[in-house]
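Report on the following structure.
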Amino acid sequence: MHRRTALGGALTALATAAAGVLVAAAVSTAPAAAAPGGTGTGYLHTSGNKIVDSTGATVRLTGINWFGMETDNKTFHGLWSSNPWRSQLDTMARLGYNTLRIPYSNDALKAGATATGINDFVNPDLIGLSPLQILDKVIDYAGSKGMRVILDRHRPTSAGQSPLWYTSTVSEATWINDWKMLAQRYAGNTTVIGADLHNEPHAEGTNPAATGACWGCGDTARDWRLAAERAGNAILGVQPNWLIFVEGVSCPSGGLSNVWDNDPSNDEDCGWWGGNLSKAGQFPVRLNVANRLVYSPHEYATSVYRQAWFDDPTYPANMPAIWDKYWGYLYKQNIAPIMMGEFGTTLQDPKDKIWLQNLMAYTGTGVNGMSFTYWSWNPNSGDTGGIANDDWTTINQPKQDILTPYLIPPTGGGGTTSPSPTGTPDTSPAPTTPPPPVTGGCTATYKQVNSWAGGFQGELTVKNTGTAAVNPWSATWTWPSGVTLASGWNATVTQSGTTVTAAAPAWASSLAPGASVTVGFTANGTAATPGSVKLNGTAC
């Protein structure tokens, strides 16, 4: 996304940075392994047109894009908002998105790269971190919620898209070496499942003088299929467990049609940038490790570009055949899985609602349907908007309603309290089944991390000083009237009246003797220390 053409039409969707600038320095953060959940157990691989987990169970990735790391900010957009970064991930998981596709540019990976556009009052834990260290934290927290992560090399530089996988300033060797670095960085971390090699390779130049990405043309400088093999095999040499996601091109020749030369052979059928996989059946991507290839087309609506098919008198009945031709045949003929890496719309045109409804139906329902990551979480995508509204907190309900029947939430994805679609905090009471009592006792310590006008951030650490594990654990505390929960993490945090409950997440339900858990939160109101702290009903 960001810049895309179709049938020669140029588009722009530039995401702009907002207020609040933070300069990052090097601070180490260690990524953590993902817990099994709605996205399966262990690393994933393919079987025919399915993605399966380490046990052979079919997995459907139903995810969302969170962009920004490919821009001048070099980190996630929306970190400038009043909604903490963890709370945004909480909402994604709660809505049913089990996978996060993260675009980046090679600029963000350079030594000395700095992350900007961060509200350090809301996200104090990101102060001083490099783009990669912020990525570590997002991957770690997403994994703790049972989500998976796909890394997307979106651009060579933050300046914009490129038709080829290399430019005059970013070589193919840099592209591959940076991928190998990321594969090594997250080796053994099953949250990160694969590499989307290059975003939206596309045509450039007018045929027969094509200079853009082709498919199957045999020119090693332009044939995207051959480049995908070189990069994919280099990555698999470092991390053989990753999936390799390969997008299409726009025009298989790599050039735009010259309609003025009266040569019909040059007037080929083109599609979206990255969306044309029509030659992949004839010229498949060949990887050295079997069962690692996933094809990943992009698909958009009229808010991005008004393709001719949107005005066909048979619309939308004509669409399944178009999807079949460009990429759906790979799935229907059991050649390889499809993971639609980007698709989206503002829904301003009535045709776009019809398009989105029909596209989702085309992908199929349930775990056997095609995988996808919606574009985007971000509201500042100019030609699609986002699932998040401009406040980065409430959601666009009309879009979400269309997607919801196809989403498979991560296990434990209910996560911590996040704003509801209307923006009202979840104040539902804790489950009525009482947790098991503590054998022994507990201690509680509190640290106020930050405060601002109208709110504060804190961490409550509860330690099991008893002689037996507490499973599942649940901590409660009270706040003065007028203090309300805004977000929480490391537990499922809810509020009922003046009582707050932090229930054990699915991935860490047991608290061993001598072990402690730190529950983080932000709250509205005057800063207050948690009172009457209890662990499973035992006062601390």
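The values are calculated or read from the model by the stated rules, or taken from the named source; none is laboratory data. Every value quoted in this text rests on a predicted model; they were computed, and no experiment measured them. Glycine also receives a Cβ, built like all others from the backbone with ideal geometry; neighbour counts cover every protein chain displayed. The accessibility values were calculated without ligands, DNA or RNA, using every heavy atom of the protein model including side chains. Shrake-Rupley method; radii C 1.70, N 1.55, O 1.52, S 1.80 Å.
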Output yes when any residue across the range 253-261 is assigned to a loop (DSSP other than H, G, I, E, B), over 29 Å from Tyr300 (Cα atoms) and modelled with pLDDT under 95, and no when none is.
-> yes
Among the candidates Gly482, Gly455, residue that is of a type outside the set (Asp, Glu) and open to solvent by less than 10 Å² (accessible area, probe 1.4 Å) = Gly455
Pro410 being in a loop (DSSP other than H, G, I, E, B), out of contact with any Leu (no Cβ under 6 Å at 6 or more places or on another chain), modelled with pLDDT of 85 or more and crowded, with 16+ Cβ neighbours inside 10 Å | yes
Can you pull out the residues in the range 152-177 that are within 26 Å of Tyr374 (Cβ to Cβ) and among the charged types (D, E, K, R)?
-> Asp152, Arg153, Arg155
Of all the residues that make up the range 491-512, how many are within 20 Å of Lys145 (Cβ to Cβ), more than 25 Å from the chain's Cα centre (by Cα) and not in a strand (DSSP E or B)?
-> 2
Which members of the range 481-535 meet the condition of being over 16 Å from Gly455 (Cα atoms) and in contact with a helix residue (DSSP H, G or I) (Cβ under 6 Å, 6 or more places away or on another chain)?
-> Trp489, Trp507
Just give me the residues in the range 382-393 being open to solvent by less than 20 Å² (accessible area, probe 1.4 Å) and more than 29 Å from Asn49 (Cβ to Cβ), in sequence order.
-> Asp383, Gly385, Gly386, Ala388, Trp392
Would you mind finding the one in Pro505, Pro530, Pro513 that is of a type outside the set (Lys, Arg) and open to solvent by 20 Å² or more (accessible area, probe 1.4 Å)?
-> Pro513
Search the range 122-137 for residues that are under 17 Å from Leu100 (Cα atoms) and pair each with any residue that is among the charged types (D, E, K, R) and not in a helix (DSSP H, G or I) when their beta-carbon atoms are under 8 Å apart and the residues are at least 6 apart or on different chains.
-> Pro131/Lys74
Within the range 171-227, count every residue that is out of contact with any helix residue (DSSP H, G or I) (no Cβ under 8 Å at 6 or more places or on another chain), open to solvent by 40 Å² or more (accessible area, probe 1.4 Å) and part of a helix (DSSP H, G or I).
-> 2
Evaluate the following for Asp140: is it surrounded by fewer than 24 Cβ atoms within 10 Å (Cβ to Cβ), within 28 Å of Pro297 (Cα to Cα) and in contact with a strand residue (DSSP E or B) (Cβ under 6 Å, 6 or more places away or on another chain)?
-> no
Can you tell me which of Gly56, Gly38 is within 17 Å of the chain's Cα centre (by Cα), open to solvent by 10 Å² or more (accessible area, probe 1.4 Å) and at pLDDT below 95?
-> Gly38
Within the bounds of the range 108-127, is there any residue that is buried (at least 23 other Cβ atoms within 10 Å of the Cβ) and in a helix (DSSP H, G or I)?
-> yes
Note on the range 75-107: residues assigned to a helix (DSSP H, G or I) and over 19 Å from the mean Cα position of the chain (by Cα) are Asp107
Within the range 230-241, the count of residues that are free of Cβ contacts under 8 Å to residues at least 60 places away in the same chain and either open to solvent by less than 20 Å² (accessible area, probe 1.4 Å) or in contact with a Cys (Cβ under 6 Å, 6 or more places away or on another chain) (or both) comes to 3
Here the qualifying pairs (Cβ atoms under 9 Å; residues six or more apart or on different chains; first in the range 162-186 and touching a residue at least 24 places away in the same chain (Cβ under 8 Å) and β-branched (Val, Ile, Thr); second part of a loop (DSSP other than H, G, I, E, B) and open to solvent by 20 Å² or more (accessible area, probe 1.4 Å)) come out as Thr174/Tyr166
List every residue pair whose Cβ atoms sit under 6 Å apart, with the two residues 6 or more apart in sequence or on different chains, where the first one lies in the range 87-107 and is crowded, with 23+ Cβ neighbours inside 10 Å and the second, anywhere, is aromatic (Phe, Trp, Tyr) and assigned to a helix (DSSP H, G or I).
-> Leu89/Tyr141
